[in-house]
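The values are calculated or read from the model by the stated rules, or taken from the named source; none is laboratory data. Remember, it's a predicted structure, so these values are computed and weren't measured experimentally. No Cβ is skipped: glycine too gets one built from the backbone with ideal geometry, and neighbour counts run over all protein chains shown.
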């Protein structure tokens, strides 16, 4: 294994909740709770879980769009949490983000050439207007769009085309890491496949690493080498993508896998229906955070927090009963 491009160590992100009229103490939303993982150069790591589990917050904290409460985010040996001002801006060129909603993430009043070219201006990557225009046109061509459309506005494009513009914007500064925040969830299924294949082609061409955030395990398995499964702000299972999808060991991962549609109508895979709702991240349950919904929970699950332990080479599971 090569040296990690990104190392996240014991990361926590908490958001204060204002005290109500009947309470004196201030509560906190524990959006990310003691998360650790790494990403190698050119690797894709998938991050999956239900809506509200903290996936997007974790992705944003990694690139300092959200300030961590505790822990470290080490990128190429530098702790991003300690960087400020010009030093942080210089590092920002090396990591970018593709946002979930292609309709909300592009400035409707800006032409495509300025949406993509803004990063070139900020980081002084184009010596003159001609070089800037040529770079923008080259990026549009790389993502499968007509370079002559650089003068158009976002409303003149479809959802899939807008997401391609967002990808071109992220590529403009030649980053080493891109956080993909559910980049295909707002798109039609046929367009989803096109965008995922485009991301894979760009990775092979440029050697980019991805943190691919999604709730669709089928998409994550297709593009990722490793998978992190997140529940209520914590990582509950990690491992090589194929191994996690073929033999999930955490009860929550098993439930997620059982919900993935299968093509074979004769498949006898049993659907696991979880009882109840996801607990509040303000007042998470004691012990294992999943125990109120777990079909195999034992008494100790209600009081003891399971450590994320290695159960096999490359496999780690936060469950007392996992083997």
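Computed quantities for the displayed model
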{"item": "Sole residue being within 30 Å of residue 284 (Cβ to Cβ) and touching a residue at least 40 places away in the same chain (Cβ under 8 Å), chosen from 168, 209, 186", "result": "186"}
{"item": "Within the range 80-112, tally of residues that are more than 22 Å from residue 42 (Cβ to Cβ), buried (at least 19 other Cβ atoms within 10 Å of the Cβ) and free of Cβ contacts under 8 Å to residues at least 40 places away in the same chain", "result": "0"}
{"item": "The range 180-194 - residue that is under 15 Å from residue 215 (Cβ atoms) and surrounded by fewer than 24 Cβ atoms within 10 Å (Cβ to Cβ) and, of those, nearest to the chain's Cα centre (by Cα)", "result": "181"}
{"item": "Single unsatisfied condition, residue 200 versus (1) buried (at least 23 other Cβ atoms within 10 Å of the Cβ); (2) in contact with a helix residue (DSSP H, G or I) (Cβ under 7 Å, 6 or more places away or on another chain)", "result": "(1)"}
{"item": "Count - residues of the range 289-312 that are over 24 Å from the mean Cα position of the chain (by Cα), loosely packed, with under 12 Cβ neighbours inside 10 Å and either free of Cβ contacts under 8 Å to residues at least 40 places away in the same chain or more than 15 Å from residue 237 (Cβ to Cβ) (or both)", "result": "3"}
{"item": "Some residue of the range 43-54 being at pLDDT 95 or above, over 22 Å from residue 233 (Cα atoms) and surrounded by 15 or more Cβ atoms within 10 Å (Cβ to Cβ)", "result": "yes"}
{"item": "Flag for residue 140 being at pLDDT 95 or above, farther than 22 Å from residue 6 by Cα and not in a helix (DSSP H, G or I)", "result": "no"}
{"item": "Residue within the range 276-288 that is in contact with a helix residue (DSSP H, G or I) (Cβ under 9 Å, 6 or more places away or on another chain), surrounded by 20 or more Cβ atoms within 10 Å (Cβ to Cβ) and within 18 Å of residue 54 (Cα to Cα) present", "result": "yes"}
{"item": "Selected residue (only one of 57, 130 is within 19 Å of the chain's Cα centre (by Cα) and either part of a loop (DSSP other than H, G, I, E, B) or on the phi < 0 side of the Ramachandran plot (or both))", "result": "57"}
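Each row is one residue, and each column tells you yes or no for (1) in contact with a helix residue (DSSP H, G or I) (Cβ under 7 Å, 6 or more places away or on another chain); (2) at pLDDT 95 or above.
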residue: 186; (1), (2): yes, no
residue: 195; (1), (2): yes, no
residue: 216; (1), (2): no, no
residue: 219; (1), (2): yes, no
residue: 229; (1), (2): yes, yes
residue: 246; (1), (2): no, no
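This table checks each residue for (1) surrounded by fewer than 20 Cβ atoms within 10 Å (Cβ to Cβ); (2) touching a strand residue (DSSP E or B) at 6+ places or on another chain (Cβ under 7 Å).
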residue	(1), (2)
129	yes, no
157	yes, no
173	yes, yes
178	no, yes
